[in-house]
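The values are calculated or read from the model by the stated rules, or taken from the named source; none is laboratory data. Not measured: the values here are computed from a predicted model. Cβ placement follows ideal geometry from the backbone for every residue including glycine, while neighbour counts extend to all protein chains displayed. SASA here: full protein model, heavy atoms, side chains in, ligands and nucleic acids out. Shrake-Rupley method; radii C 1.70, N 1.55, O 1.52, S 1.80 Å.
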Amino acid sequence: MQIDEGVDILCPDIKSINGSCYRVLYSSSMTNRYSGKIKEPSSMYSDVYEDEPITCKSPGAVNEPVKEKWQTAEISTPSYFHKYIVGKSGTVKKRLENETGTLINVPRPHEKKDHITVKYKNESSFSSLEIRIESIVSSAKKRERPTHFVSIPVASKGITENLGKFQELCGPTIHPHKVQFPSKLHLTIGVLKLFSDSEVKRASEVMKEFAPRIPYILCGKPLRGSLRNLEIMNDDPESVNVLYAELLLLDESDRLQNLADQCLEFFVEKGLMDYEQNRNSKSVKLHCTLINTRWNSSGPRTIDASELLSEDFELQNLGDCVLEKLDLNEMTTDRDKKYVSVSSVSLV
């Protein structure tokens, strides 16, 4: 193609066609002999050099990449697990920021905030960080001990008196602190790991959601039972850690077992319990612990319960009671040696 000598090829004229810019290598004097106008480029031949389209508003403009703006969001995380997100000397936090292209602000421990603040430039970075933090918290949670439990208190005046007699019959070989306090006797349904106020509130709400089912499970009848039948958790009566009694309903029905199993299932469905904490079983092993050698480090780690399990043992029945409520408790106790109750629903 012949280029006119009067054209400056370094700074040619620009022709805009359908929103695209093209360099014109002919001078304005060279016009179409038929129309008197500069030729428009055709699909095959053209007297105009067709360069790649330049998406510019004016000649000489330079395209710059669009800068992504920082956005801010919060990720809900119990303050208890912030230490795992920070890591030793902040190593975990730095690694997360480098790998996801985000900036993480973790509240100071005394602030007790159940979230972290994140700055990010795009959704994929934020989603990647969310997944990683969820994995860190989930892994750490599995290593922690339960903080709460759902149970049915076992209490009556007769049982309290008989538990005192039971402790006397155990003799001096069993430390008094290894025997359960009357105010703490209960049947455990399941344990929970709750590390924030919002998680505790959620568990309390689930208790209330389960409450309407109770009258149908119990057939509208009270749970009257007898605390009896001493048993152990292992097979050797001469080396025992845990000794417990069973709560047998006076009507010999399975209503209590159904209540426990359905309550466990309900909490599992809500994601607050798991069957792994219940020996991978969907059936609750209902028992009322009377002796646990791990409650006190004084004396031997195990006891000889042979006499307590014999048919000649004087106290075969610890007394009758009515099971009145279902409790969500903290694992800790108050000054009166009672579990701290978070929420309760009635069974009567």
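Counting only residues at least eight positions apart within a chain, or on another chain, the lysines with an alpha carbon under 16 Å from that of Lys112 are Lys83.
Taking packing as the residue-averaged number of other Cβ atoms within 10 angstrom, the listed peptides 246-252, 154-160 run from highest to lowest as 154-160, 246-252.
When the Cα atoms of region 198-262 are aligned to their principal axes, the ranges along those axes come out at 44, 36, 14 Å in descending order. Under a 5 Å amide H cut-off, with hydrogens placed 1.01 Å from N, Gly319 pairs with Leu227 among residues at least 5 apart or on other chains. Let me know the shape class of region 149-306, please: from the alpha-carbon gyration tensor, a ≥ b ≥ c as square roots of the eigenvalues, rounded when a/c is under 1.5, otherwise prolate if a/b is greater than b/c, or oblate. Because a/c hits 1.5 or more and a/b exceeds b/c, region 149-306 counts as prolate.
Once neighbouring chains are kept in place and the probe is 1.4 Å, which whole percent of the accessible area of region 114-266 is contributed by carbon and sulfur?
Roughly 49 percent, rounded to a whole number.
Checking the cross-link pairs Lys184/Lys208; Lys285/Lys325; Lys93/Lys142 against a 28 Å limit on the alpha carbon distance flags no pair as lying beyond it. Orientation-averaged projection of region 120-186 equals 7.8 nm² [convex hull of Cα atoms, one quarter of hull surface area]. Amide hydrogen proximity for Leu347: with H placed 1.01 Å from N in the peptide plane, the residues at 5 or more positions away or on another chain lying under 5 Å are Lys325, Leu326. The residues of region 220-342 expose on average 58 square angstrom of accessible surface per residue, using a 1.4 Å probe on protein heavy atoms. Computed log10 I(q)/I(0) for region 94-224 at 0.09, 0.11, 0.17 Å⁻¹: -0.55, -0.71, -1.07, from the Debye equation with unit scatterers placed on every C-alpha and solvent omitted. Convex hull volume of the Cα atoms of region 181-230, normalised per residue: 138 Å³. Accessible surface for region 170-214, divided over its residues, is 45 Å² per residue with a 1.4 Å probe.
Any of Lys121/Lys270; Lys193/Lys270; Lys119/Lys201; Lys69/Lys201; Lys157/Lys178 with alpha carbons more than 25 Å apart? Name them for me. Pairs exceeding 25 Å: Lys121/Lys270; Lys119/Lys201; Lys69/Lys201.
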